[in-house]
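Notes to accompany the following structure.
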Amino acid sequence: MDWDNLRFFLELSRTGTLVGAARRLAVDHTTVARRIQALEKQVGGALFSREADGHRLTEAGRRLQPQVEAMEAAFHTVERSAPASQEGLSGLVRIGATEGFGTVVLAPQLALFAQAHPKLVIDLLAMPRLVHLSRREADIVISLERPARGPVVVAKLSDYVLRLYASKAYLSKHAPIRNRDDLRGHTFISYVDDLLFSKELQYLDELYKPDSFALRSTSILAQHQATAAGAGIAVLPAFIAERDKSLRRVLPAEANFTRTFWISVPAETRHLARMKAVWDFLRATVEAQRDVLLPPGSEG
């Protein structure tokens, strides 16, 4: 039986879609389909049921999966003990993170890390939505909420602070804001409520329910740009806004919000050299930028 076919079987069982498995394996989705068909011919039965939202394991597929996972674990054991594995980090590590944190904090440092390890490929999924570890969309995920369950290794990465900001231009053209009541009549920039990907993003409700919005966006980077353009007031992460000299804090004694980043990785891959190295690097990177995530004055 062809091990490669079994490897394709595992990725499809984990991602649930041909496209997802193909992305993980760096091949075309038709190659995945062809490999699965070859394996099903070898075992003499269907391993997946084709449904509208993807591929689901049949009973035969569910019986096969733990056996193939055991083979995979044995393969990784051999791989780690091989002399070539000591020559440096190699392979693909896909990291899922929130858009702003991934773009502003992680991207520059990860690029340097990848340069130092030329055989290592880093994919950074910096997205304004949840990146699902359970669907194998990424190897390591940094999220706003601690994963509630599953065979994963989870650690607190860092707290970070958000504040209320407006541009100097906006503040010069509008009535002064000395307390929460003064927010009435001002224009805000925020998220699209029904597209929030985490309840942790509902911080504006803790401060004030706006009367009007200049812009609502799923993108925190878009919100920052709109705020810098003078379109309104917004709650922004300090690690983004404090870099922008055109912005000023609004109600600094009251408008402070603290949230937490969590880092997680599947327990079955945590021991791999490349995963451990990237995990440790991410934690070290965040520790080195603690003052950026929690700048002085976070308590108002």
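The values are calculated or read from the model by the stated rules, or taken from the named source; none is laboratory data. Bear in mind that the values here come from a model prediction, so they are computed numbers and not experimental data. Note that we place each Cβ from the backbone using ideal geometry, even for glycine, and neighbour counts take in every protein chain shown. To get the accessible areas, we keep the full protein, side chains included, count just its heavy atoms, and leave off ligands, DNA and RNA. Shrake-Rupley method; radii C 1.70, N 1.55, O 1.52, S 1.80 Å.
A few points about this structure:
- Nearest 10 degrees, 0 to 90: helix 59-81 Cα axis against the chain principal axis: 80 degrees
- Split the chain at each of the trypsin sites (Lys or Arg not before Pro) in a DSSP loop with at most 12 other beta carbon atoms within 10 Å, and the longest piece is 1-118.
- Cα gyration tensor shape of the stretch 1-63, rounded if a/c is under 1.5, else prolate or oblate by comparing a/b with b/c: oblate
- Taken per residue, the accessible surface of the stretch 107-147 reaches 52 Å², heavy atoms only and a 1.4 Å probe.
- Here semi-axes √(5λ) of the Cα gyration tensor in Å was calculated from the structure, and among (i) 44, 22, 15; (ii) 40, 21, 16; (iii) 29, 25, 18 it sits at label (i).
- Charge dipole (debye, nearest 20) of the chain; +1 at Cβ of Lys and Arg, -1 at Cβ of Asp and Glu: 180 debye
- In the chain, the longest principal axis of the Cα atoms and the axis of helix 273-288 are about 10 degrees apart.
- Theoretical gain in end-to-end length, ARG62 to ALA169 [0.36 nm per residue, Cα-Cα removed]: 32.4 nm
- When the stretch 149-282 is reduced to its Cα atoms, the Kirkwood hydrodynamic radius in Å: 16.6 Å
- Among the protein heavy atoms of the chain, carbon and sulfur supply 53% of the accessible surface, probe 1.4 Å, non-protein parts ignored.
- For THR58, nonlocal amide neighbours, meaning residues 5 or more places apart or on other chains whose placed amide H falls under 5 Å from its own, are PHE48, SER49.
- Cα-only Debye scattering, the stretch 98-139: base-10 log of I(q)/I(0) at q = 0.21, 0.25, 0.26, 0.31 Å⁻¹: -0.73, -0.90, -0.93, -1.04
- Where THR103, THR15 fall by accessible area, highest first, once all protein chains stay in place (1.4 Å): THR103, THR15
- A convex hull fitted around the alpha carbon atoms of the stretch 81-224 yields 148 Å³ per residue.
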